[in-house]
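Notes for the one structure printed next.
Nothing in this text is a laboratory measurement; each read-out follows from the coordinates by a stated rule. Note that this is a predicted model, so its numbers are computed, not measured. Virtual Cβ from ideal backbone geometry, glycine too; neighbours counted across all protein chains shown.
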Amino acid sequence: MELSIYNPSNVKEIEQLFIQTFSDSEGQSEGETIGHLVRDFMNSTDSNNLYCFVAKENEQIIASIFFTRMIFESGISAFILAPVAVHTDHQGKGIGQKLINFGLNTLKENGVELAVTYGDPNFYSKVGFTVMTEKVVPAPLKLEYPEGWLAQSLVGGEIEPITGKSHCVEALNKPELW
Ligand SMILES: CC(C)(COP(=O)(O)OP(=O)(O)OC[C@H]1O[C@@H](n2cnc3c(N)ncnc32)[C@H](O)[C@@H]1OP(=O)(O)O)[C@@H](O)C(=O)NCCC(=O)NCCS
């Protein structure tokens with residue numbers, strides 16, 4: 001398996017991976033919603049505000065992950081991990097965790113100080129995330145599942161409470177995604 005930064009010529013293959021994987025796990029409607037989100041990321045998000053990584057096997061993309069910039073009024077450099085997909089036939093073999101760690105290390109090398117995500121604490125705790133209250137890390141939109149609001153420092157130490165508001169990229173700025 002080979003991990004790398006995505007190549008924009010793979011946009012269609014990546015979109016298809018997300019549609020298929022999320023349709024398999026959460027139904028067709030969720031598959032389409034996530035497919036739309038990643039297409040939006042790749043088509044309309046400034047490259048300074050986006051990281052996308054892929055895992056390939058035999059030249060096929062079998063997993064992919066997105067990180068997009070979050071702006072905090074405090075000025076801390078931060079990205080949100082969402083979404084990540086490992087093709088249904090390749091799940092449960094450690095690929096998801098390897099890809100997430102590869103992405104987090106690349107962010108760290110590029111001076112990013114904080115990673116946040118929104119999902120299942122049981123899974124994301126395996127790659128260093130812990131549950132946060134919105135008093136510590138303000139969320140950009142109202143959270144339907146505050147228990148899934150997670151973060152980790154990429155510079156070591158505890159996360160100090162961040163004051164002020166936060167903002168996400170336009171493609172994520174939709175109440176139904178939160
Ligand atoms: C979630 C996902 C990215 C994990 O990738 P993966 O390669 O299958 O996971 P790994 O093999 O690295 O890790 C497996 C571990 O995570 C746990 N795990 C996997 N998927 C999980 C999920 N959806 N919820 C909770 N735990 C999960 C497994 O129980 C396993 O734990 P164990 O090692 O203690 O047995 C992948 O299963 C996937 O794409 N699922 C469908 C889409 C999705 O839910 N994406 C995440 C939300 S954005």
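All other residues with a Cβ under 13 Å from the Cβ of Leu99 taken together, and with Lys, Arg as +1 and Asp, Glu as -1, what is their net charge? Please list the in-between numbers first.
Details: positive: Lys56, Lys93, Lys98, Lys126; negative: Glu2, Glu57.
Taking every Cβ under 13 Å from that of Leu99, the sum is +2.
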Along the dipole axis of the chain (charges at Cβ: +1 for Lys and Arg, -1 for Asp and Glu; origin at the Cα centre), the most positive-end residue among Gln60, Val136, Val86 is Val136
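Can you tell me the dipole magnitude for the chain around its Cα centre, using point charges on the Cβ only (Lys, Arg +1; Asp, Glu -1), in Debye to the nearest 20? Could you put the intermediate results ahead of the total?
On the way: 12 positive and 23 negative charges, 61 e Å.
Dipole size: approximately 300 debye.
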Under the 7 Å Cα-to-Cβ spin-label approximation, Lys142 and His167 lie apart by a distance in nanometres of 2.2
One point scatterer per Cα, no solvent, Debye formula: log10 I(q)/I(0) for segment 2-177 at q = 0.16, 0.19 Å⁻¹ comes out as -0.96, -1.40
Checked against the positive end of the charge dipole of the chain (+1 on Cβ of Lys and Arg, -1 on Cβ of Asp and Glu, about the Cα centre), the farthest of Gly27, Trp178, Leu114 is Leu114
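Over 27 Å between Cα atoms, which of Lys98/Lys165; Lys56/Lys108; Lys93/Lys135; Lys108/Lys165; Lys12/Lys174; Lys12/Lys165 qualify? Provide the component values of the computation, followed by the final result.
Values: Lys98/Lys165 32 Å; Lys56/Lys108 22 Å; Lys93/Lys135 36 Å; Lys108/Lys165 23 Å; Lys12/Lys174 23 Å; Lys12/Lys165 34 Å.
Those over the limit are Lys98/Lys165; Lys93/Lys135; Lys12/Lys165.
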If exposed means GluC sites (Glu not before Pro) lying in a DSSP loop and surrounded by at most 10 other beta carbons within 10 Å, then the longest stretch of the chain lacking such sites spans residues 60-157
Rounded to two decimals, the Rg over Rh value of segment 8-70 from Cα coordinates and the Kirkwood Rh reads 0.97
